[in-house]
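Following: one structure in structure tokens, then a few remarks.
The values are calculated or read from the model by the stated rules, or taken from the named source; none is laboratory data. For clarity, every value in this text was computed on a predicted model and none was experimentally measured. Reconstructed Cβ throughout: ideal geometry from the backbone, glycine too, with neighbour counts over all protein chains shown. Areas reflect the complete protein model, heavy atoms only, side chains present, ligands, DNA and RNA absent. Shrake-Rupley method; radii C 1.70, N 1.55, O 1.52, S 1.80 Å.
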Amino acid sequence: MLLDSHTHRLPLDSATALLSYFPGQEPPPARACYLSAGLHPWYLTDDALPAQLDWLERQLADRRVVAIGEVGLDKCCPVAWELQEKAFEAAVRLSEEREKPLVIHNVRATAELMAVRKRVRARQPWVIHGFRGKKELAASWLRQGCYLSFGERYAPEALLAVPTDRLLLETDDSREPIRTLYERVAALRGLSVEQLEQAVGRTADFLFFNR
């Protein structure tokens, strides 16, 4: 059961987590492992972008790669905005062509991301990772057909507003065990940990494995 929808630290039970990696990083050799290959906006450069896009496309030959990401837009990083847009839109096109969901990095760029989704008429699911916004913003993303993934920091009213079939949980860079996050969220939503694990597992199965 895939319980951690976005992490940079593979747990001992590697089949329970979706490991995100980028150009210059090698995926682990573990066969029981699920991967998300991405182009993080922090690490883009004009001269390297063609090679990075080629790298991303090659990663999709690995059956363990079940999503593209993280990719996205970030108004707080020094990388040129035009370069971020170019890389992101290329990733969106690849997502549509290969029918892979996108794991989205979003820093103060909600309007721009939504505009891209509408303009290209994206049909593949988007997962807004590390969501910390208010419930009104959560509702906006839900209306776009997106999924929201919550880490150790979140607005409780937003988390409560997300239907279970659109809800994912993640550790990202945190050293906090994913089980601890499930315990907190289960208590908040009035569920047992096992009920929450089963519900999120079903969502992940549908989203990443078409089950």
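Miscellaneous remarks
- FRET E, pair Arg189, Asp47, Förster distance 45 Å, beta-carbon r, rounded to 0.05: 0.45
- Heavy-atom SASA rank of Thr164, Thr171 (probe 1.4 Å, accessible area, largest first): Thr164, Thr171
- Ordering Tyr182, Tyr34 by accessible surface, largest first, gives Tyr34, Tyr182; the 1.4 Å probe counts only protein heavy atoms, with every chain in place.
- Lys/Arg +1, Asp/Glu -1 at C-beta; the chain dipole; positive extreme among Leu191, Val92, Ser5: Leu191
- About the Cα centre, charge dipole magnitude for the chain (Lys/Arg +1, Asp/Glu -1 at Cβ), debye: 620
- In the chain, helical runs assigned H by DSSP with n ≥ 4 each contribute -39500 (n - 2.57); averaged across all residues and rounded to the nearest 500, the mean residue ellipticity at 222 nm is -12500 deg cm²/dmol.
- 13 Å Cα-Cα reach of Lys75 towards aspartates and glutamates, excluding residues that sit fewer than 8 places from it in its own chain: Glu85, Glu112
- Rounded percent of accessible protein surface that carbon and sulfur make up, the chain, 1.4 Å probe: 49
- Heavy-atom accessible area per residue - the chain, 1.4 Å, Å²: 50
- Aspartates and glutamates with Cα under 17 Å of Lys134, excluding same-chain neighbours fewer than 8 positions away: Glu152, Glu157
- Two-decimal ratio, segment 1-139, of alpha-carbon radius of gyration to 2.2 N^0.38 Å: 1.02
- For the pair segment 54-81 / segment 153-211, the C-alpha centres are spaced 23 Å from each other.
- Placing +1 on the Cβ of every Lys and Arg and -1 on the Cβ of every Asp and Glu, with no other charges, gives segment 63-132 a dipole of roughly 260 debye about its Cα centre.
- At full extension, Arg31 and Arg143 could sit 36.7 nm farther apart than now, given 0.36 nm per residue minus the alpha carbon distance.
- Pairwise label distance in nanometres, Thr110 with His8, each label 7 Å out on the Cα-Cβ vector: 2.4
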